[in-house]
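For reference, the structure is listed below as structure tokens.
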């Protein structure tokens, strides 16, 4: 019996990593299966109820996430010294994801846009980079953006793909908190905190911040405009629903995990 027990323990030890890997793969398969099931069931419920997926689906965000709240408490009341409009190409991961859930119709749509305008057109993510002066004479930069939620971050990565445009402030007494709060009060918390791919995306969010600042002018409109993509890149209702589900899962992970 002792020999059998030792042999059993040896087998477990030698295969423990294989067992752990098996458990991880099993959990991933279960999560993916449940997600696909949720997508299918909720999609047909929405179709049955005749809900307009483009206009009526929100992700129930009514506040900032924990990290954004911490940064706003720490830096939100400093006066804004400079604002940079930031334009960054959509990441390769997001492009791949859109291609997968649209069966590569997204890539075909981009090629069609390039043909229409006779040049390479690239969709961009638009954000604010805000500069503040700290009490110790150091400068601090914070990123303000709309992904599937309103995100405030101090992790800013500048590279050769990012395009920056300095915008002059017509009013120098804005703080980050006052800028965000005034915008939220004007457009409502539902539109402020939530996201949709056509009507409430990153460009729309930055547009509203520019309106609050009194800087929604021709030059800035041209910089943030994504109208050619909104006009020519169309997604099916199923694709929009998948995007909404993925955004909801991302918000849950970002807020609670």
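Reported count of residues in segment 223-243, each being in contact with a strand residue (DSSP E or B) (Cβ under 9 Å, 6 or more places away or on another chain) and over 23 Å from residue 88 (Cβ atoms), is 1. Can you go through 221, 252, 211, 166 and tell me which one is at pLDDT below 85 and not in a loop (DSSP other than H, G, I, E, B)? Just one listed residue meets the conditions, 252. For segment 149-161, the count of residues that are touching a helix residue (DSSP H, G or I) at 6+ places or on another chain (Cβ under 9 Å) and part of a loop (DSSP other than H, G, I, E, B) is nonzero. Scanning segment 70-96 for residues that are touching a helix residue (DSSP H, G or I) at 6+ places or on another chain (Cβ under 8 Å) and part of a helix (DSSP H, G or I) returns 72, 75, 95. Here is the figure for segment 201-233: residues that are closer than 30 Å to residue 38 by Cα and loosely packed, with under 15 Cβ neighbours inside 10 Å total 2.
The criterion of being in the same structural domain as residue 232 (by TED's automatic domain parsing) and within 21 Å of residue 208 (Cα to Cα) does not hold for residue 135. So which residues in segment 83-103 are surrounded by 18 or more Cβ atoms within 10 Å (Cβ to Cβ), closer than 30 Å to residue 176 by Cα and under 17 Å from the mean Cα position of the chain (by Cα)? Matches in segment 83-103: 85, 86, 87, 88.
Residues that are closer than 12 Å to residue 240 by Cβ and at pLDDT below 70 within segment 17-46 comprise 43, 46, listed in sequence order. Filter segment 228-242 for residues that are in a helix (DSSP H, G or I) and under 17 Å from residue 203 (Cα atoms) and give the result. Hits for segment 228-242 are 228, 229, 230, 231, 232.
The values are calculated or read from the model by the stated rules, or taken from the named source; none is laboratory data. Just so it is clear, the model here is predicted, and its values are computed rather than measured. In this analysis, Cβ positions are derived from the backbone assuming ideal geometry, glycine residues included, and neighbour counts consider all displayed protein chains.
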